[in-house]
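Worksheet: the structure to be examined is printed underneath.
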Amino acid sequence: MKINFILTEQDYLTHLLYSASKTPAILKKRKRNRFLLPVLYVAVGFFGMLNGKIVLFLCLVALALLWYSGFPNWEKNQYVKHYKKYIKNNLSDLSGKENVYDFRQDGIYASEDNSEPYKIAWSEIHGLYEIPDALYLGLNSGHTIILPKQAVPETDALKHLILENPANPDIKVVNDPDWKW
C-alpha cells in the first residue's frame, strides 16, 4: 500500500497537541497550574476574613472561581500559540513537502520530496495512535510517522496491515475517536 501526501503545519500542530495531551508530566503540570492559584487566593481571602475583611475574602473567592473556570481555555490557547511558534521556527522546512510511504511485507519505505527511500523495519513500530484526523505510528527512536486520514484512502486496511504483521506482534494500539484539543 503506497500513500502520497503533503503534511501541513496544521498536521504538525495537531500531532504536538495530541502528544501534549497524553504526556503525564504535562498533564500533572496543567492540573497543578489550574488548582494552585485559586487555592492561594482562597487562603489569602480566608486570612483576610479572619481580620474582618469580608469584601477582600469575597473578591478573592470570586477571582479564584474565575481563574478555575477560565484557566483551561487560556492555557489551551497558550499551548497552541507556543506550538505554532515552534513549528514556524523548527518544522517549517518540513511543511509542504511530499511524503511517500510504501507499506510492504518487509517494512515501510519512506521518502520525502523524491529523495531516496529509506526502510523502517516493522519491529521499529511500538504504537498505533488514532484520532479523528490522523493516524500516528510511534517509533522506538522517539519519532512519529504522521498519517493524515484524508491522505489514507483505506484506513482500516492500513491498520490491519500494521497490526497483523508478524514482525511486531506487540504494537500498542490507542484509539481516541473523541479526542479534541
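The values are calculated or read from the model by the stated rules, or taken from the named source; none is laboratory data. Worth saying up front: this structure is predicted, and the values here are computed from it rather than measured. As a convention, Cβ positions derive from the backbone with ideal geometry for all residues, glycine included, and neighbour counts pool all protein chains shown.
Within segment 57-70, does at least one residue satisfy the condition of being buried (at least 16 other Cβ atoms within 10 Å of the Cβ), of a type outside the set (Asp, Glu) and assigned to a loop (DSSP other than H, G, I, E, B)?
no
From the residues in segment 105-141 that are touching a Pro at 6+ places or on another chain (Cβ under 7 Å) and in a strand (DSSP E or B), which one is surrounded by the most Cβ atoms within 10 Å (Cβ to Cβ)?
The qualifying residue surrounded by the most Cβ atoms within 10 Å (Cβ to Cβ) is Ala134.
For Gly96, are the conditions met, namely being under 23 Å from Pro148 (Cβ atoms) and in contact with a Ser or Thr (Cβ under 8 Å, 6 or more places away or on another chain)?
So Gly96 fits the description; yes.
Which condition number in (1) among the polar types (S, T, N, Q); (2) surrounded by 12 or more Cβ atoms within 10 Å (Cβ to Cβ); (3) farther than 30 Å from Thr155 by Cβ is the one that Asn51 fails?
(2)
What pairs come up if the first residue lies in segment 153-181 and is not assigned by TED's automatic domain parsing to the domain that holds Pro72, the second is among the hydroxyl-bearing types (Ser, Thr, Tyr) and assigned to a helix (DSSP H, G or I), and their beta carbons are under 6 Å apart, counting only those six or more places apart or on different chains?
Ala167/Ser123; Asn168/Ser123
In the list Pro72, Pro117, which residue meets the criterion of being closer than 21 Å to Leu158 by Cβ and at pLDDT below 95?
Result: Pro117 is the single residue among Pro72, Pro117 that is closer than 21 Å to Leu158 by Cβ and at pLDDT below 95.
Sort through Leu27, Leu16 and tell me the only one that's in a helix (DSSP H, G or I), exposed (fewer than 13 other Cβ atoms within 10 Å of the Cβ) and under 22 Å from the mean Cα position of the chain (by Cα).
On inspection, the qualifying residue turns out to be Leu27.
State which residue pairs qualify: first residue over 30 Å from Tyr41 (Cα atoms) and in contact (Cβ under 8 Å) with a residue 24 or more places away in the chain and inside segment 65-94, second residue part of a helix (DSSP H, G or I) and of a type outside the set (A, V, I, L, M) in any location, beta carbons under 6 Å apart, and separation of 6 or more residues or different chains.
Filtered contacts from segment 65-94: Ile87/Glu9; Ile87/Tyr12; Leu91/Tyr12.
Among the residues in segment 114-127, are any free of Cβ contacts under 8 Å to residues at least 60 places away in the same chain and on the phi > 0 side of the Ramachandran plot?
Yes; the residues of segment 114-127 include at least one that is free of Cβ contacts under 8 Å to residues at least 60 places away in the same chain and on the phi > 0 side of the Ramachandran plot.
Can you name the number of the only condition in (1) crowded, with 16+ Cβ neighbours inside 10 Å; (2) outside any helix (DSSP H, G or I); (3) within 22 Å of the chain's Cα centre (by Cα); (4) not small (Gly, Ala, Ser) that Tyr83 fails?
Failed condition: (2).
Evaluate segment 92-104: report whether one residue or more is closer than 30 Å to Lys31 by Cβ and either surrounded by fewer than 16 Cβ atoms within 10 Å (Cβ to Cβ) or not aromatic (Phe, Trp, Tyr) (or both). I'd like the intermediate steps shown before the answer.
The initial filter retains those residues of segment 92-104 that are closer than 30 Å to Lys31 by Cβ, namely none.
No, segment 92-104 contains no residue that is closer than 30 Å to Lys31 by Cβ and either surrounded by fewer than 16 Cβ atoms within 10 Å (Cβ to Cβ) or not aromatic (Phe, Trp, Tyr) (or both).
Kindly indicate whether Ala134 is farther than 21 Å from His15 by Cα and in contact (Cβ under 8 Å) with a residue 12 or more places away in the chain.
Against the criterion (farther than 21 Å from His15 by Cα and in contact (Cβ under 8 Å) with a residue 12 or more places away in the chain), Ala134 does not qualify.
Only residues that are among the acidic types (Asp, Glu) and either outside any helix (DSSP H, G or I) or under 15 Å from Ile108 (Cβ atoms) (or both): list them for segment 144-158, please. Full working, then the answer.
Initially, segment 144-158 is screened for residues among the acidic types (Asp, Glu), giving 154, 156.
If the condition is that a residue be among the acidic types (Asp, Glu) and either outside any helix (DSSP H, G or I) or under 15 Å from Ile108 (Cβ atoms) (or both), then Glu154 is the only one that fits.
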